[in-house]
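> To start, I am sharing the structure in question, which I have written as C-alpha cells.
The values are calculated or read from the model by the stated rules, or taken from the named source; none is laboratory data. Given the structure is predicted, the values throughout are model-derived calculations rather than measurements. Neighbour counts are summed over all protein chains in view; Cβ atoms, including those assigned to glycine, are modelled from backbone coordinates with ideal geometry.
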Amino acid sequence: MTWRPRWRWVVPTAMLIGAGAAAVAPAGPDGLMPFKAAVAAADSVYVAFVVDFGQGSGSPQVVSGCVKVPSGQNGYAALADFAQQLNWPAPSYNSAGLLCTIDGYGASVCGQVVGSGYNYWSYWHGDSGTWAYSSTGASRTMQTGEVEGWRFQNPGSGNPSDPAPAAGASFSSICTSAAIAALTPPTSATTTPAGAPTGPDPAGSPSPTLPGGTNLPGGTDGGAATTTPGAGATTTVPGSPAAGTGPTTTTTTLAGGSTTHPGSPGTSGSRGEALARTGSAQHNGNSNDVPLVVGGIIVVLLALGALYRWRRQPGAP
Amino acid sequence: MAPATRGAVSGRTLHPAAWWLWAAAMAVAAVRTTNPMLLALIAAVVVFVVAARRSDAPWSRSLAVFFRLGLIVIVIRVGVEVVFGQRLPGHTLFSLPRVPLPSWAAGVSIGGPVSLESVVQAGVDGLRLAVILLCFGAANSLASPYRLLRCLPTVLYEAGVAVTVALTFAPEVVIAIGSTREARRLRGRPTRGIAGLRGLAIPVLEGALDRSLQLAASMDARGYGRRLADARRRRLSTGATASGLLLIVLGVFGALDSGSLPAGGIPFLAVGAALLAVGMAAGGHRSPRTRYRADPWRLAEWGVALSGVAVLGVFVAAGVSGVSGLQFSAFPLHAPALPVWLGVGILVGLLPATLAPSPRGWVSRGPDPDPNPVALEPRPSARVTGAAR
C-alpha cells in the first residue's frame, strides 16, 4: 500500500506554502534566514543586567553588568551569557521552564510555596528607566538598550506588587561607553570571558574568578563601585583583555552593611546559606549510577516478559 | 493464598473496581513525578501486569491501542516544542527558520534554535502523559466495562446515558477498531499507513459512539435510572449529589495545585463527600436491584487495590518529604537519578500479576457469562479473524 500523490492535494498544498511565504515575506530577509546564519551575519547587541539575590531585608545583594550577546537571542540566552561572563554555573530551569537558580541560588523547590507566597525569580524590564514587572517569560529578542532585571522573591506574591531589583534601571549607567568599549575588541569576550587566562587559581571558588568584580565591603555605596578598595580583588583580575572589562562591567554592590560578605571566597556560599543550592545538588548524579542501571535492567526485563506473555494467545494454558 | 480465593483462582475475573483502583493509583503516581526513569518503571510494571492477567475479551487489546496513542503523544509534544518552544539556552542541535513575532506575542516563538535539552524535556513531558494514558488503557484492558457499569452507585443513575458513554467509549473504540479493520481487510482496502487511517477514523469514532449510545438505550429500556416517585426526595438527592460532586472537583483541584484554595482544598473535599453521602442516602432506596451474578470482593481484590494504593503512598510520602529524585529537569542536562525506595515502591505494583486470579481458565470454560446483551453480541473481530484464517 504505497502512498501515491494525488493531484487534488497539490493545489491546496501549493496554496498553503504560498500563504506561508506571503506571511513571512513582510518580515524581511531575516525571517527565513536560519538562526545560525543570522547570528553570524548580524552584529551583537549590548544588554544591561541587574540580578538581585533578594537576601531578605537586611542585606540585599545586587550584581549588575553589561553583556554583549549576538543579536537575535532571547532573554534566557542573554542571561546564560551573563552568567558565563561572571563564571557562574548556567541558570537552571525546572521541567516547566520556570527559572530555578541563578549562580546556583534559588529555592530548593522551584516556585516553592511559602506561606501565602512563592519563592521565585521575578523578571523585570527596565528599558523605560523604571522597573516594570514582566508577566511573560524572557523570550523576547534582545536589543541594545534593554535592561534585564531578575530579583529573587523570598517570598513574593507572584504579581507586580513584588519588590523590584534594588538597583537603578538605567542602561547608560550600567552599559557605560567604557564598558561597551571594553567588551568590543576581543571577539571571544562574550563567549569565554575569563576562561583560560584566569590567573593562578582558575579552578578555585567562584569569587576569585569573577572577572574583576569589585567586591565592596559593607556600607559602601554602589556609586563608588569602580574604585577597587581591597587588594584581594585586584590580584584576581585576569591578565587577558577581559581584565579591562572587569571593574567597569561588574559591580557587586552591598547596600546593607553585611560584614560577612564579599571579597571572601565564600561569596556564593553565603548566599547559599539561606536556601539550598539546588543547581549543584542536581549534578552529582554519579553516585546514583548503580540504582539507575539496575532500574534500567528491570525495565527491560519487564518489557521483554510482557512482550513474551502478550504474544501468547490469551486463553491458552 | 487464602482459602477464600483458592477456589476462585482458576475460574473468575477480578472485580473491575479493583483493577480501576490499581490503575488509577499508578496513573496518579505518574502524575506526581517528572523523572523519566520512574515513569519508565511505572509503564513497564503496568504493561507486565496487563500481559499477565488480560482475558481474551475484545477490549483486552485496549493497552496496545493506548500504547500507540502514547507514542503519538510523545511525537506531538516534541514536535510542538521544536516549532513553538520556549527557546531556553542549551546545546543547539539544529536551527529552524525563525519567524519574528510582535512584542505582544512574548512567550511564544515560531522556529529558532532547537536545543538537545528542550527535546529531552519535551520527550519526558510526553512520556508522562503517555504513561498516564497507558494506565488508563491497562484499566480498560483488564476490567470489563459492563461489569464496572453495574457497580455504579444508584445516585449516578440520573446521568445514566452520560455515565454509560463515558465508561464504555474507550473499550468500544478498541472493539470498533478491530472490526472496522477486519471489514476493510476483507474488502481489500488499505488498513495501514495514512490511507488506512483515513478510512478508519470516521467509522471507528461513529461506530464506538453508536454502540455506547445503544448500550445506554438498552439499559434505559430495562429500567436503569428509573425515577423515584417522591419528587421532593428526588430533588434533594439530585441536588446534594450534584453540588457534592462539584465541591469534590474543586477540592481535587485544590489538592493537586497546592496554594490555590485554603487548606489545600481539604474542606471542599470533606463537605463535598458529606453532600454526596446525603445524596446517596436519599436516592439509595429508589428501586430494588437484584444481581444475576454478583461480583465478589475478596482477598485478591483487596490485594490488587492495596498494591496500587501502596505505590501511590510511596510517591506521596516522597513528595511530602522532598525526595530530590522525584522531579527531573533537563536544564542543565544530566542523567536522571533513581531513588531506590521509589523504585522498590513501584515494583509493589507488580503484585497483581500473581495476586489476581488468572482469567484463562474462566475463558476456556465458555462464553462471557455477562448477562449484558451487548456483551453477548457476537464479537465481530474474533469471528472474522477465525473465518479469515
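> What number of residues in region A:137-154 are surrounded by 15 or more Cβ atoms within 10 Å (Cβ to Cβ) and either within 11 Å of another protein chain (Cβ to nearest Cβ) or among the basic types (Lys, Arg) (or both)? Even if it seems obvious, please write down each step before you answer.
Looking only at region A:137-154, we keep the residues that are surrounded by 15 or more Cβ atoms within 10 Å (Cβ to Cβ), and these are A:137-142, A:144, A:146-154.
Filter once more, keeping what is either within 11 Å of another protein chain (Cβ to nearest Cβ) or among the basic types (Lys, Arg) (or both): A:137-141, A:151.
Of the residues in region A:137-154, 6 are surrounded by 15 or more Cβ atoms within 10 Å (Cβ to Cβ) and either within 11 Å of another protein chain (Cβ to nearest Cβ) or among the basic types (Lys, Arg) (or both).
> Any idea which of B:GLY349, B:GLY319 is out of contact with any His (no Cβ under 9 Å at 6 or more places or on another chain) and under 19 Å from B:ALA17 (Cα atoms)?
Within the list B:GLY349, B:GLY319, the selection yields B:GLY349.
> What number of residues in region B:90-107 are at pLDDT below 85 and loosely packed, with under 13 Cβ neighbours inside 10 Å?
Of the residues in that region, 3 qualify.
> Looking at B:LEU63, is it in a helix (DSSP H, G or I), within 9 Å of another protein chain (Cβ to nearest Cβ) and touching a helix residue (DSSP H, G or I) at 6+ places or on another chain (Cβ under 7 Å)?
In short, yes.
> If you don't mind, there's one more thing I want to ask. State which residue is farthest from B:SER243 (Cα to Cα) when the search covers only region B:266-280 and only residues that are at pLDDT below 90 and more than 26 Å from the chain's Cα centre (by Cα).
Out of the qualifying residues, it is B:PRO267.
> Pairs needed: first member in region A:121-136, closer than 19 Å to A:ILE102 by Cα; second member anywhere, among the basic types (Lys, Arg); C-beta distance under 8 Å; at least 6 residues apart or different chains.
A:TRP121/A:ARG151; A:SER122/A:ARG151; A:TRP124/A:ARG151
> Let me ask you something else. Is at least one residue of region A:107-121 more than 8 Å from chain B (Cβ to nearest Cβ), modelled with pLDDT of 85 or more, within 21 Å of B:SER118 (Cα to Cα) and buried (at least 22 other Cβ atoms within 10 Å of the Cβ)?
Yes, that holds for at least one residue.
> Looking at this structure, is B:ARG87 at the interface with chain A (Cβ under 9 Å from one of its Cβ atoms) and either on the phi < 0 side of the Ramachandran plot or surrounded by fewer than 24 Cβ atoms within 10 Å (Cβ to Cβ) (or both)?
no
> Just the residues that are surrounded by fewer than 23 Cβ atoms within 10 Å (Cβ to Cβ) and more than 8 Å from chain B (Cβ to nearest Cβ), please, taken from region A:90-101.
Matches in region A:90-101: A:ALA96, A:LEU98.
> Of all residues in region B:72-119, count the ones that are within 36 Å of the chain's Cα centre (by Cα), of a type outside the set (Val, Ile, Thr) and farther than 16 Å from A:ARG140 by Cα.
9
> So A:ARG312 ticks every box in (1) closer than 19 Å to B:VAL47 by Cβ; (2) at pLDDT below 80; (3) within 7 Å of chain B (Cβ to nearest Cβ) but one. Which box is left unticked?
Here A:ARG312 clears every test but (3).
> Looking at A:GLY54, is it within 11 Å of chain B (Cβ to nearest Cβ), on the phi > 0 side of the Ramachandran plot and modelled with pLDDT of 65 or more?
Details: within 11 Å of chain B (Cβ to nearest Cβ): no; on the phi > 0 side of the Ramachandran plot: yes; modelled with pLDDT of 65 or more: yes.
Against the criterion (within 11 Å of chain B (Cβ to nearest Cβ), on the phi > 0 side of the Ramachandran plot and modelled with pLDDT of 65 or more), A:GLY54 does not qualify.
> Further question: Could you please let me know if B:ASP230 is closer than 22 Å to B:SER62 by Cβ, of a type in the set (D, E, K, R) and over 19 Å from the mean Cα position of the chain (by Cα)? Write out each step before concluding.
Details: closer than 22 Å to B:SER62 by Cβ: no; of a type in the set (D, E, K, R): yes; over 19 Å from the mean Cα position of the chain (by Cα): yes.
Spelling it out, it is not the case that B:ASP230 is closer than 22 Å to B:SER62 by Cβ, of a type in the set (D, E, K, R) and over 19 Å from the mean Cα position of the chain (by Cα).
> Can you name the condition, by its number, that B:TRP297 falls short on among (1) part of a helix (DSSP H, G or I); (2) at pLDDT 85 or above?
All conditions pass for B:TRP297, except number (1).
> Only one residue in B:VAL80, B:VAL120, B:VAL131 is within 11 Å of chain A (Cβ to nearest Cβ) and farther than 18 Å from B:VAL173 by Cα. Which one?
Criteria check complete, one pass: B:VAL120.
> A further question follows. If you scan region B:234-259, which residues turn out to be modelled with pLDDT of 80 or more and not aliphatic (A, V, I, L, M)?
Across region B:234-259, the qualifying residues are B:ARG235, B:SER237, B:THR238, B:GLY239, B:THR241, B:SER243, B:GLY244, B:GLY251, B:PHE253.
> Out of B:LEU326, B:LEU347, I need the residue that is modelled with pLDDT of 85 or more, within 11 Å of chain A (Cβ to nearest Cβ) and over 21 Å from B:ALA51 (Cα atoms). Which one?
Every option except B:LEU326 fails the conditions.
> One residue is enough: does region B:9-27 have a residue meeting the conditions surrounded by fewer than 24 Cβ atoms within 10 Å (Cβ to Cβ), over 20 Å from B:PHE315 (Cβ atoms), out of contact with any helix residue (DSSP H, G or I) (no Cβ under 6 Å at 6 or more places or on another chain) and modelled with pLDDT of 85 or more?
Checked region B:9-27: at least one residue is surrounded by fewer than 24 Cβ atoms within 10 Å (Cβ to Cβ), over 20 Å from B:PHE315 (Cβ atoms), out of contact with any helix residue (DSSP H, G or I) (no Cβ under 6 Å at 6 or more places or on another chain) and modelled with pLDDT of 85 or more.
> Right, another one. Looking at A:SER139, A:SER135, which is the one that is within 19 Å of A:SER71 (Cβ to Cβ), among the polar types (S, T, N, Q) and in a loop (DSSP other than H, G, I, E, B)?
The unique qualifying residue is A:SER139.
> Taking region B:314-328 as the region of interest, how many residues are part of a helix (DSSP H, G or I) and without any contact (Cβ under 8 Å) to a residue 12 or more places away in the chain? Full working, then the answer.
Filtering region B:314-328 down to residues part of a helix (DSSP H, G or I) leaves B:314-321, B:324-326.
If we keep only those that are without any contact (Cβ under 8 Å) to a residue 12 or more places away in the chain too, we end up with B:317, B:320-321.
So the count comes out to 3.
> To continue, here is another question. Taking region B:182-218 only, how many residues are in contact (Cβ under 8 Å) with a residue 60 or more places away in the chain and either within 14 Å of chain A (Cβ to nearest Cβ) or within 19 Å of B:TYR146 (Cα to Cα) (or both)?
Here the count works out to 5.
Okay, residues lined up against (1) more than 25 Å from B:CYS135 (Cα to Cα); (2) at pLDDT 85 or above; (3) exposed (fewer than 15 other Cβ atoms within 10 Å of the Cβ):
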residue: B:VAL163; (1), (2), (3): no, no, no
residue: B:ALA166; (1), (2), (3): no, no, yes
residue: B:GLU172; (1), (2), (3): no, yes, no
residue: B:SER179; (1), (2), (3): no, yes, no
residue: B:ARG184; (1), (2), (3): yes, yes, no
residue: B:GLY188; (1), (2), (3): yes, yes, yes
residue: B:ILE194; (1), (2), (3): yes, no, yes
residue: B:ASP210; (1), (2), (3): yes, yes, yes
